[in-house]
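Written out below as structure tokens is the structure these notes cover.
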Amino acid sequence: MPSWEEIQAFARERFELVEDQIGYFATIVKFEDQRKQRISATYFEIDRVGYVQIRTRVCREQELDPEWALEQNASLVIGAFALEQGTYFVSRTVAAYSLFLDEFECMILNIAAYADDVEAARRSGADDF
């Protein structure tokens with residue numbers, strides 16, 4: 001079971017962090033087609049159990065059909081769509097005690113790739129997030 005400090009140290013080794021704070025970091029995942037996706041990880045505890053939330057913006061509320069997003073949530077294994085302050089995110093929360101660091105890296109890359117694909121499709125190729 002990695003601690004948050006070990007998870008964050010691992011992220012520093014694997015990614016260039018654009019924000020690096022206690023309990024939080026953000027990175028920009030860059031793809032071969034020159035597109036990019038900003039993704040963040042936040043640590044929090046509930047009843048003394050640590051959790052890591054990974055999330056990335058996808059598009060503005062008006063650019064995504066809410067019914068489509070809910071239908072995606074039914075089968076989306078890498079996370080779920082969430083709506084916050086007029087912006088859709090793809091978000092995933094995992095218990096830190098069940099996290100393997102190599103899987104954590106895959107989660108970040110897979111969530112970023114999926115969100116970027118949706119952003120490109122829903123925003124006519126725009127790359128703002």
* In region 86-106, which residues are of a type in the set (G, A, S), within 20 Å of L17 (Cβ to Cβ) and assigned to a helix (DSSP H, G or I)? -> A96
* **Count - residues of region 44-78 that are loosely packed, with under 14 Cβ neighbours inside 10 Å and either part of a strand (DSSP E or B) or among the polar types (S, T, N, Q) (or both)** => 6
* Asked: Just one of L83, L109 is among the aliphatic types (A, V, I, L, M), out of contact with any Cys (no Cβ under 9 Å at 6 or more places or on another chain), surrounded by 12 or more Cβ atoms within 10 Å (Cβ to Cβ) and assigned to a strand (DSSP E or B); which is it?
  -> L83
* Identify, by number, the condition in (1) closer than 28 Å to A9 by Cα; (2) of a type outside the set (D, E); (3) surrounded by 19 or more Cβ atoms within 10 Å (Cβ to Cβ) that V118 doesn't meet. => (1)
* Flag if A121 is under 12 Å from the mean Cα position of the chain (by Cα) and more than 29 Å from D47 (Cα to Cα) -> no
* Asked: Scanning for something farther than 21 Å from N110 by Cβ, of a type in the set (K, R) and touching a residue at least 12 places away in the same chain (Cβ under 8 Å), does region 36-57 turn up at least one residue?
  -> no
* **Qualifying residues in region 20-43 (those that are under 11 Å from A113 (Cβ atoms) and of a type in the set (A, V, I, L, M)) - the one surrounded by the fewest Cβ atoms within 10 Å (Cβ to Cβ)** => V29
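The numbers here are math on the coordinates, done by the rules we state, and not lab data. Computed from a predicted structure; not experimentally measured. Don't worry about glycine lacking a Cβ; one is built from the backbone with ideal geometry, like all the others, and counts go over all protein chains shown.
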